[in-house]
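Here the structure is laid out as structure tokens; the discussion comes afterwards.
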Amino acid sequence: MTNAIPETRHHLSGSCLCGQVKYSIEAEVRDFYYCHCSQCRKISGSNCAANILVKRVDVAWTGDKHLRRYDVPGRSFTKVFCTHCGSGLPFLNFNGDTLIIPAGSLDVPAPLNPREHIFWADKADWDTTQPLLPTSDGFPTQT
Ligand SMILES: [Zn+2]
Ligand SMILES: [Zn+2]
């Protein structure tokens with residue numbers, strides 16, 4: 001018999017593109033949104049970052065020697081990536097209380113659907129997203 005995981009905790013696992021880095025966590029999911037701000041565009045190389053936020057938890061890594069972290073000086077923008085293939089991977093936020101998981105790194109179904117588009121007012125002029133979800137021109141409307 002396996003130990004039951006409380007309902008609010010989800011098993012999430014994922015990997016980078018080259019497969020040298022893998023992760024696995026049991027975590028309490030807090031939020032999931034698309035961020036269209038200019039920093040997230042740089043970090044993702046795309047129109048937005050799709051991030052799942054979970055309560056801080058230990059990550060079981062494979063190949064974490066390939067991880068590198070970049071923090072924008074003095075700002076709450078971070079990218080953790082595989083030094084071999086460049087894929088974005090989970091990282092602790094600036095305050096250290098939330099693990100941020102780039103949704104594209106998941107190898108399992110997401111534990112919830114994205115809730116909204118944030119920093120919608122800052123989106124790129126070429127971003128043709130027709131939002132089916134609520135939009136916020138700044139930070140998430142609830143956390
Ligand atoms: Zn890789
Ligand atoms: Zn952003």
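Out of C18, C85, which single residue is in contact with a Leu (Cβ under 6 Å, 6 or more places away or on another chain), farther than 21 Å from L112 by Cα and either modelled with pLDDT under 95 or more than 16 Å from ligand 2 (Cβ to nearest atom) (or both)?
Numbers: C18 fails: in contact with a Leu (Cβ under 6 Å, 6 or more places away or on another chain).
Every option except C85 fails the conditions.
Which ones in segment 51-103 are among the charged types (D, E, K, R), loosely packed, with under 14 Cβ neighbours inside 10 Å and under 23 Å from Q20 (Cβ atoms)?
Taking segment 51-103 as the starting set, the residues that turn out to be among the charged types (D, E, K, R) are 55-56, 58, 64-65, 68-69, 71, 75, 79, 97.
Retained after the next criterion (residues that are loosely packed, with under 14 Cβ neighbours inside 10 Å): 55, 58, 65, 68-69, 71, 75, 97.
Of everything in segment 51-103, those that are among the charged types (D, E, K, R), loosely packed, with under 14 Cβ neighbours inside 10 Å and under 23 Å from Q20 (Cβ atoms) turn out to be D58, K65, R68, R69, D71.
What's the total number of residues in segment 100-141 that are acidic (D, E) and in a loop (DSSP other than H, G, I, E, B)? Can you show your working first?
Applying the first criterion (acidic (D, E)) to segment 100-141 yields 107, 116, 122, 125, 127, 137.
Then keep just the ones that are in a loop (DSSP other than H, G, I, E, B); that gives 107, 125, 127, 137.
Looking only at that region, the number is 4.
Among the residues of segment 104-120, what is the count of those that are of a type in the set (K, R) and loosely packed, with under 12 Cβ neighbours inside 10 Å?
First, the residues of segment 104-120 that are of a type in the set (K, R): 115.
Imposing the further condition that a residue be loosely packed, with under 12 Cβ neighbours inside 10 Å reduces the set to none.
Matching residues across segment 104-120 total 0.
Kindly list the number of the only condition in (1) at pLDDT 95 or above; (2) farther than 26 Å from T135 by Cα that fails for P90.
Against the list (1) at pLDDT 95 or above; (2) farther than 26 Å from T135 by Cα, P90 comes up short only on (2).
Could you grab the pairs with beta carbons closer than 7 Å, sequence gap of 6+ or different chains, first residue in segment 17-36 and within 15 Å of L67 (Cβ to Cβ) and more than 16 Å from ligand 1 (Cβ to nearest atom), second one outside any strand (DSSP E or B) and of a type outside the set (F, W, Y)?
These pairs meet every condition: I25/V57; I25/V59.
Do the conditions hold for S13, that is, is it surrounded by 19 or more Cβ atoms within 10 Å (Cβ to Cβ) and within 16 Å of ligand 1 (Cβ to nearest atom)? Steps first, please.
On the way: surrounded by 19 or more Cβ atoms within 10 Å (Cβ to Cβ): no; within 16 Å of ligand 1 (Cβ to nearest atom): yes.
For S13, the condition - surrounded by 19 or more Cβ atoms within 10 Å (Cβ to Cβ) and within 16 Å of ligand 1 (Cβ to nearest atom) - is not met.
Kindly indicate the residue of segment 44-82 that is within 16 Å of ligand 1 (Cβ to nearest atom) and touching a Phe, Trp or Tyr at 6+ places or on another chain (Cβ under 7 Å) and also nearest to Q142 (Cα to Cα) among those meeting that condition.
Looking at the filtered set, the residue picked out is K79.
Could you say which residue among D127, D71 is at negative phi and touching a strand residue (DSSP E or B) at 6+ places or on another chain (Cβ under 8 Å)?
Values: D127 fails: touching a strand residue (DSSP E or B) at 6+ places or on another chain (Cβ under 8 Å).
One residue alone meets the criteria, D71.
Regarding D64, is this residue within 30 Å of Q130 (Cβ to Cβ) and either touching a strand residue (DSSP E or B) at 6+ places or on another chain (Cβ under 7 Å) or away from ligand 2 (no atom under 16 Å from the Cβ) (or both)?
On the way: within 30 Å of Q130 (Cβ to Cβ): no; either touching a strand residue (DSSP E or B) at 6+ places or on another chain (Cβ under 7 Å) or away from ligand 2 (no atom under 16 Å from the Cβ) (or both): yes.
Answer is no for this residue.
The values are calculated or read from the model by the stated rules, or taken from the named source; none is laboratory data. Just so you know, these numbers come straight off a predicted model, no measurement behind them. Using ideal geometry, Cβ is built from the backbone for each residue, glycine included, and neighbour counts are taken over all protein chains shown.
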